[in-house]
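Only the coordinates and a few stated rules stand behind these numbers; no lab work does. Source: prediction; values computed, not measured. Cβ coordinates were reconstructed from backbone atoms using ideal geometry, including for glycine residues, and neighbour counts include every protein chain displayed.
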Amino acid sequence: MKLPSIFFALLVALACVPRASAEPAKLVKEKDVIIYSDDQFHSAFPSVVRRPDGELIVAFRRAPNRTVFGDKSTNHTDPNSYLVQVQSTDNGETWTTKPDLILAHPFGGSQDPCMIQLADDSILCASYGWALPRTETWKTWGNVPHAGSFTFFGGYIVRSTDGGNTWSDIILPPTLPGNDAKTAFNTPMPAYNRGSMYQGKSGRVFWAVARHVFGGEYTRTENHLITSDDGGLTWDYRSPIAQDPKIVFNEASIYETPKGDIVTFIRTARFDDHTVIARSTDGGDSFTWEDAGFQGHPHFPLRLPDGRVLLVYGYRHKPMGIRARILNPECTDYKESTEIILREDGGGSDLGYPWATMMADGRVLVCYYYNLNNGTRHIAGTILRLE
């Protein structure tokens, strides 16, 4: 055999040797940033979207810091809690300082603006709120959820088709079948929840919402699936997601895997704060749920460029802060996944509720509300890079 032939055969043999698969990218924390902070306001419950031009919009709930009036504390129910937004055009490095108004509900205070950007670039923002009646007539109406003197008025959605410059009138979701809860207006309760919707490959929008259950030892909530095929204008009931006679299922974010499974990450109560993960393998017609084995308060899933899922969540046990896990594309390895501590310097349990997005420069922004030394509740962020 001539030398060139031997050399060619060697190259072919080397090409056939199996190569070790590339290691998945690691998540590296770069820094923490302040997105919005003002000592006169309690700012909380953010969500974030990235616009096609790279602009970031962070929406959050802002209410007066009642200590400026001499009150001893500030609560999560407030008649002057409004939905506002700030923007960044430099990948989260700097933010507008004066928030723009999304909505000041005419009948009470709003909570948790949960945004999703759809395939047509419109933005849905789901929220819910509390009214403060001057009398207790509502006690004669039956099952009206309340917190002290505040009464619940259920969920609503607003929509923007111009990148958050203007927002629509309120869209009321339907009442869930079997839900006998009443609102502060003595009307059936519109569906609501805190957590991320998800638009699937078909264009259908999935939303895990809550239903109150009265009777027994205590009032509790469970999660159900509703879907929209017209960009959130109308909704259809699909199925229960998680129910139990003792466990409280509430704040939930939903996600569709590449295979088509519908996965819901659920915060719980009366379950040692354990995360519950519910899964549907039939497009949302039915779900099964199980204990994920870790604590979270609550969660948000972000698909990374390599298909894996970054699951971020608040952590309200010492040391308090923000944590994360990286799951495989089908979100099946949550029990084996490694917990990543993003922050552990929280000054009290009133923090968390993270939301995340890929930025135009390939980094990740995780936003959340936070406090240091039990001080001003503000909107903060952690910037991560994949390497």
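If I model a spin label as a point 7 Å beyond the Cα along the Cα-Cβ vector, how far apart are those points for Asp90 and Thr67 in nm?
Placing both labels 7 Å beyond Cα along the Cβ direction yields 3.1 nm.
Using the number of other C-beta atoms within 10 angstrom as an exposure proxy, rank Tyr334, Tyr128 with the fewest first. If you can, show how the numbers build up before the last one.
Details: Tyr334 19, Tyr128 24.
Least to most surrounded, the residues fall as Tyr334, Tyr128.
Just to confirm my numbers, what's the Cα centroid distance between segment 201-231 and segment 243-315 in Å?
Taking the Cα centre of each part, segment 201-231 and segment 243-315 sit 13 Å apart.
In whole Å, what three semi-axes, largest first, describe the equivalent ellipsoid of segment 314-387 built from its Cα gyration tensor (square root of 5 times each eigenvalue)? Spell out each step's value before the answer.
Working: eigenvalues 107, 54, 16 Å².
Its equivalent ellipsoid spans semi-axes of 23, 16, 9 Å.
Determine, from the Cβ-Cβ distance of Lys246 and Asp169 and an R0 of 35 Å, the FRET efficiency 1/(1 + (r/R0)^6), rounded to the nearest 0.05.
0.30
Quick one: Phe206, Phe153, Phe265, fewest Cβ neighbours within 10 Å first, how do they rank?
In increasing order of surrounding Cβ atoms, one gets Phe206, Phe153, Phe265.
Of Lys182/Lys246; Lys72/Lys139; Lys31/Lys318; Lys72/Lys246; Lys139/Lys246, which ones are farther than 30 Å apart at the Cα?
Beyond 30 Å between Cα atoms: Lys72/Lys246.
How far, in degrees from 0 to 90, does helix 3-16 lean away from the longest principal axis of the Cα atoms of the chain, to the nearest 10?
Helix 3-16 sits roughly 20 degrees off the main axis of the chain.
Shape verdict for the chain, please, from the Cα gyration tensor: rounded (a/c under 1.5), prolate (a/b greater than b/c) or oblate.
prolate
Going by how many other beta carbons lie within 10 Å of each one, how would you line up Phe150, Phe69, fewest first?
Phe69, Phe150
Indicate the gyration tensor shape class of segment 106-146 (rounded, prolate or oblate), computed on the Cα atoms with a ≥ b ≥ c the square roots of the eigenvalues: a/c under 1.5 is rounded; otherwise a/b larger than b/c is prolate and the rest oblate.
It is prolate, given that a/c is not under 1.5 and a/b is the larger ratio.
Given only helices, namely DSSP H runs of n ≥ 4 each adding -39500 (n - 2.57), what is the per-residue ellipticity at 222 nm of the chain, to the nearest 500 deg cm²/dmol?
Roughly -1000 deg cm²/dmol at 222 nm, from the helical runs in the chain.
If you average the sequence gap of Cα pairs under 8 Å that are 6 or more apart and divide by the length of segment 22-386, what percent do you get for the contact order?
Worked out over segment 22-386, it gives 15 percent.
In whole angstrom, note down how far apart the Cα centers of segment 108-130 and segment 360-385 are.
Each part reduced to its Cα centre gives a spacing of 20 Å.
Assuming a ≥ b ≥ c are the square roots of the Cα gyration tensor eigenvalues, decide whether segment 265-360 counts as rounded (a/c under 1.5), prolate (otherwise, with a/b larger than b/c) or oblate.
Since a/c reaches 1.5 but b/c is at least a/b, the shape of segment 265-360 is classed as oblate.
Loop-only check: which trypsin sites (Lys or Arg not before Pro) in segment 61-139 are DSSP coil with at most 12 other Cβ within 10 angstrom?
Those satisfying the criteria are Lys72, Arg134.
Using r as the Cβ-Cβ distance of Asp361 and Asn143, and R0 as 56 Å, what FRET efficiency do you calculate, to the nearest 0.05? Each step should come with its number before you reach the end.
Working: r = 49 Å, r/R0 = 0.88.
E between Asp361 and Asn143, to the nearest 0.05, is 0.70.
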